[in-house]
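In what follows, a single structure is set out as structure tokens and then discussed.
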Amino acid sequence: MSQKILSHVEASSLKADVDSFSIGDTVDVHTRILEGEKERVQIFNGVVIARSGSGSREMFTVRRIVAGEGVERKFPLHSPKISKIEVKRSGVARRAKLYYLRDRVGKSVRLREKRDDTVAAKGAAKSGAKKPAKKAAAKA
């Protein structure tokens with residue numbers, strides 16, 4: 001009963017259009033910053049190494065290297081301070097948390113890029129490449 005009430009109260013603070021991204025993606029997080037009476041947008045770009053929580057308490061961690069030093073920042077996903085999350089590159093991740101990237105330096109920090117198989121399939125169809133027929137090869 002209390003879980004239903006909690007989810008009903010949380011529903012009002014959830015964003016309607018949440019940008020979809022996953023672990024290993026390189027993203028630009030556009031955050032609104034108030035300086036006195038002025039408001040500006042600051043961009044924090046890096047690799048998403050973790051997502052945690054659910055509902056209005058969902059957070060994600062972005063890591064980047066600045067002047068040779070690793071910097072991590074946690075953002076609440078449904079915060080009104082975040083104007084948008086832009087995915088720059090999709091990376092392949094076989095884990096839910098990429099904390100092992102903290103120990104890496106240089107090129108070993110980079111993740112393999114996710115390939116779009118539909119593009120590869122269209123390219124093979126245009127070139128006229130066909131799969132060899134197994135039945136015809138077996139009879140001959």
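The values are calculated or read from the model by the stated rules, or taken from the named source; none is laboratory data. Predicted model only: the values in this text are computed from it and were never measured. We place every Cβ from the backbone using ideal geometry, glycine too, and count neighbours over all the protein chains shown.
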When you go through R94, R115 one by one, which is the residue that is modelled with pLDDT under 85, in a loop (DSSP other than H, G, I, E, B) and surrounded by fewer than 16 Cβ atoms within 10 Å (Cβ to Cβ)? R115
Selected residue [surrounded by 14 or more Cβ atoms within 10 Å (Cβ to Cβ), of a type in the set (D, E, K, R) and in contact with a Lys or Arg (Cβ under 9 Å, 6 or more places away or on another chain)] from R40, R73, R51: R51
Could you say which residue among R64, R57 is touching a Phe, Trp or Tyr at 6+ places or on another chain (Cβ under 9 Å), without any contact (Cβ under 8 Å) to a residue 60 or more places away in the chain and more than 14 Å from K81 (Cα to Cα)? R64
All but one of (1) under 18 Å from K88 (Cβ atoms); (2) touching a strand residue (DSSP E or B) at 6+ places or on another chain (Cβ under 6 Å) hold for I65, so report the exception by its number. (2)
Hey, can you tell me all the residues within the stretch 18-76 that are among the small types (G, A, S) and under 25 Å from D103 (Cα atoms)? S22, G24, G46, A50, S52, G53, A67, G68, G70
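Yes or no, residue by residue, for (1) within 12 Å of the chain's Cα centre (by Cα); (2) of a type in the set (A, V, I, L, M, F, W, C); (3) under 29 Å from Q3 (Cα atoms):
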residue: I33; (1), (2), (3): no, yes, no
residue: R40; (1), (2), (3): no, no, no
residue: V48; (1), (2), (3): yes, yes, no
residue: F60; (1), (2), (3): yes, yes, yes
residue: R64; (1), (2), (3): no, no, no
residue: K81; (1), (2), (3): no, no, yes
residue: K84; (1), (2), (3): no, no, no
residue: K88; (1), (2), (3): yes, no, no
residue: R104; (1), (2), (3): no, no, no
